[in-house]
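Below is one structure; the comments refer to it alone.
The values are calculated or read from the model by the stated rules, or taken from the named source; none is laboratory data. Bear in mind the structure is a predicted one, so any value in this text is a computation, not a measurement. For neighbour counting, all protein chains shown are included, and Cβ atoms are generated from backbone atoms with ideal geometry for every residue, glycine included. What goes into the accessible areas is simple: the full protein's heavy atoms, side chains included, and nothing from ligands, DNA or RNA. Shrake-Rupley method; radii C 1.70, N 1.55, O 1.52, S 1.80 Å.
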Amino acid sequence: MSSATSAIATKVQPQPWLLDFLLLAAIWGSSFLFMRWGAAEFGPVTTAGLRVSVAALVLLPLLLARGMGGMLRRHWRVLLAAGLINSAIPFALFSYAVLSITTGLASILNATVPLFGAVVAWAWLGDRLGWLRWCGLATGFAGVVLLASGSTSLHTGSSGLWAVLACLGASCCYGLAASFAKRHLAGIPPVVTATGSQIGAALGLAVPAIWCWPARMPGPRAWAAVLAIAVLCTALAYLLYFRLIERAGPSRALAVTFLAPVFALGYGAALLGEPVTAWMLGSGAVIMAGTLLSTGLVRLRR
């Protein structure tokens, strides 16, 4: 290989946390489907409130069995804040969004999380961003603009636009929460972080969820969706997620969202009959390319 070719060749670094990474992407990819089914009958706020409450109830016995109740009490303030930023607000926003746009589109917008995370980590934690990572950020956000401009849901009323903005707001919360966890939750075991954050989110959403409780009792599918999103996509997923932050850092842990849309698009097409357009795939590829570059997962070999 010539030196000129070698200079532009890309190198993907294998990582020991790859299995957790792939499993988490598959789990989180299914969350958009479950949110759609739950929010259609419970409403977005109540769906989010039930999600974090059930997840907290699942995780709390595990934490107590490990004798970590004292650690939960010592760190309750930062865990409460983490729960609000990383669960309560974004869960409600995404549950709202999937009522107006497809789950596939929402999942692709969720792939902007590492882009927000890289910016926050640079501004707050002082993470270095070289020229290639800045190019990745620009590429990723350009992909968002392309995706939004080609979305038919944005041309059928304001609800589609608000849904896209809700997805971007939720993604920004996730990016902020990753650096918050790195700064304030370092050294706390993942089970404590996951449990405490879900308890904090449940407390934050308790009153709004009760206030927005539907007048008509939801059916079995909605209940099953809420249980699935709580146990699988929240309790189990956050144990994996906080372990990834510890092992790989916030920017790389957030990069799981670039793979989740692959699963989400498949679930939506197979189970909801959602269309998967060439424009969505192309825009998603631009976003993911920017994500790979901005998080440093792909680098130029020198």
Exercise for review: Please calculate how many Å² of accessible area the chain carries per residue, with a 1.4 Å probe and no DNA, RNA or ligand atoms counted.
Suggested key: 44 Å²
Check your understanding: With point charges of +1 on the Cβ of Lys and Arg and -1 on the Cβ of Asp and Glu, referenced to the Cα centre of region 15-151, which listed residue (Leu132, Gly143, Leu62) lies farthest in the positive direction of the dipole?
Key -> Leu62
Check your understanding: Gap in Å between the Cα centre of region 57-77 and the Cα centre of region 228-273?
Key -> 23 Å
Practice item. Over all alpha-carbon pairs of region 15-107, lay out the pair-distance distribution in 5 Å bins, whole %, shortest bin first. Key: 2, 12, 17, 19, 18, 16, 10, 4, 1
Check your understanding: Relative contact order (percent) for the chain, with alpha-carbon contacts under 8 angstrom and 6 or more residues of separation?
Key -> 42 percent
Review point. Given the convex hull over the Cα atoms of region 74-139, what projected area results after averaging over all orientations, in nm²?
Key: 6.0 nm²
Exercise for review: Might you report the magnitude of the Cβ-based charge dipole of the chain about its Cα centre, with Lys and Arg at +1 and Asp and Glu at -1, to the nearest 20 debye?
Suggested key: 780 debye
Revision key, fill the gap. Of Glu246, Glu41, Glu274, ordered by accessible area with the largest first and a 1.4 Å probe, the sequence is Glu246, Glu41, Glu274
Review point. Just how far, in whole angstrom, is region 172-207 from region 98-136 if you go by their alpha carbon centroids?
Key: 19 Å
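If packing is taken as the average number of other Cβ atoms within 10 Å across a peptide's residues, how do 263-271, 99-107 rank, most packed first? Let's see the in-between values first.
Values: 263-271: 19.0, 99-107: 25.3.
Descending mean neighbour count gives 99-107, 263-271.
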Exercise for review: Heavy atoms only, probe 1.4 Å: what % of the accessible area of the chain goes to carbon and sulfur, would you let me know?
Suggested key: 70 percent
Practice item. Sort largest first and round to whole Å: the equivalent ellipsoid semi-axes of the chain, each the square root of five times a Cα gyration tensor eigenvalue. Key: 30, 25, 16
